[in-house]
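Q: Before anything else, here's the structure in question.
The values are calculated or read from the model by the stated rules, or taken from the named source; none is laboratory data. Bear in mind that the values here come from a model prediction, so they are computed numbers and not experimental data. Methodologically, a virtual Cβ is constructed for each residue, glycine included, from the backbone with ideal geometry; neighbour enumeration extends over all protein chains shown. Heads up: the accessible areas ignore ligands, DNA and RNA and are worked out on the full protein's heavy atoms, side chains in. Shrake-Rupley method; radii C 1.70, N 1.55, O 1.52, S 1.80 Å.
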Amino acid sequence: MGTMYWTTWTTTAATYIGRYGPAILFALSLVSMRGKRLSMYLYMAGFFIGLLLNAVFKLLIQQRRPESCSSSSSSSSSSSSSSSSSSSSSSKRRTSTSTLSAFLDKSVPPTNPAKALRGIQWCLHAHQYGMPSGHAQSVAYSLAYITLALNSAYISGAFFFFFLATCVQRVMARRHYIDQVLAGCVVGAGLAYATYVALQHILENRI
């Protein structure tokens, strides 16, 4: 009983840590850099630019998420046996056949008709797609930036825990394929490096 409770509690905690990883690391980053205002301001600017870039990438690539699989509607059949067979086939096609990549997934993707959307609707429409993972991009950005800006093994180690938990949760919860998570990590780390270079350039010019 105790083991089952501990397992359930651990799984639930890991799920919440992964789901809210970007927000947790954002808050921890601000606290860690409270004595370095310029570093903090540039971090915040890069973070929100990353959110916008992620939405743009998703709309440009328009790659499905594993959880978004659905079978296309089939024509009705007069015979009950044919109907049950069709239902069974649809059920199978709704389940992703791969967690590695959308290119390897043989299940039927949903149809996402293009819509002329504005503002918040545009962002919400973008996030029905999965490439690259926004969560992975955000936590990779925070981890990379804080490592470069503070150069603290203890802080980077704590950030790495949330980074890893978030990336694993996105795959285990079938919110993203593995390659979408990896792509998000690359984009986030690249953005963090670019932001840090901008920080160094500003500091050098101030001297």
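Q: Can you give me the distance in nm between label points at VAL56 and LYS36, each placed 7 Å from the Cα along the Cα-to-Cβ direction?
A: For the pair VAL56/LYS36, the computed spacing is 2.7 nm.
Q: Considering only protein heavy atoms, what is the solvent-accessible area of VAL186 at a probe of 1.4 Å, reported in Å² to the nearest 10?
A: 110
Q: Just want the answer: with Cβ charges of +1 for Lys and Arg and -1 for Asp and Glu, which residue in ALA14, PHE57, SER29 is farthest toward the dipole's positive end in the stretch 12-72?
A: About the Cα centre, the residue reaching furthest to the positive side is SER29.
Q: Which whole-Hz ³J(HN,Hα) couplings does the stretch 183-200 yield from phi under the Karplus relation 6.51 cos²θ - 1.76 cosθ + 1.60, θ = phi - 60°, glycine and proline marked x?
A: Each residue's phi maps through the Karplus curve to give 4, x, 4, 5, 5, x, 5, x, 5, 5, 5, 4, 5, 5, 4, 4, 4, 4 Hz.
Q: Is the shape of the stretch 154-207 best called rounded, prolate or oblate, per the rule: a/c under 1.5 gives rounded, else a/b larger than b/c gives prolate, else oblate, with a ≥ b ≥ c the square roots of the Cα gyration tensor eigenvalues?
A: oblate
Q: Still on this structure, please answer the following. Out of residues 5 or more away from MET131 or on other chains, whose amide H comes under 5 Å of its own, with H placed 1.01 Å from N in the peptide plane?
A: When sequence neighbours closer than 5 places are left aside, the close amide H contacts are GLN63.
Q: In square angstrom, rounded to the nearest 10, how much accessible surface does ARG174 have for a 1.4 Å probe?
A: Estimated to the nearest 10 Å², ARG174 gives 90 Å².
Q: Counting only the heavy atoms of the protein chains, how much of HIS127 is accessible to a 1.4 Å probe, in Å² to the nearest 10?
A: HIS127 has an accessible surface of roughly 70 Å² with all protein chains in place.
Q: Tell me, what HN-Hα J-couplings in whole Hz come from the Karplus equation 6.51 cos²θ - 1.76 cosθ + 1.60 at θ = phi - 60° for each residue of the stretch 27-43, using x for Gly and Pro?
A: Once θ is set to phi - 60°, the couplings for the stretch 27-43 become 5, 5, 5, 5, 5, 5, 10, 4, x, 10, 5, 5, 4, 5, 5, 5, 4 Hz.
Q: Give me the number: length gained by fully extending THR97 to ARG174, i.e. 0.36 nm times residue separation minus the C-alpha to C-alpha distance, one decimal in nm.
A: Here the answer is 26.6 nm.
Q: At 7 Å along the Cα-to-beta-carbon direction for both ALA27 and ILE202, put a label point, then send me their distance in nm to one decimal.
A: So the two model labels end up 2.5 nm from each other.
Q: Roughly how many nanometres apart are two label points built 7 Å out from the Cα toward the Cβ at LEU104 and ALA14?
A: 2.1
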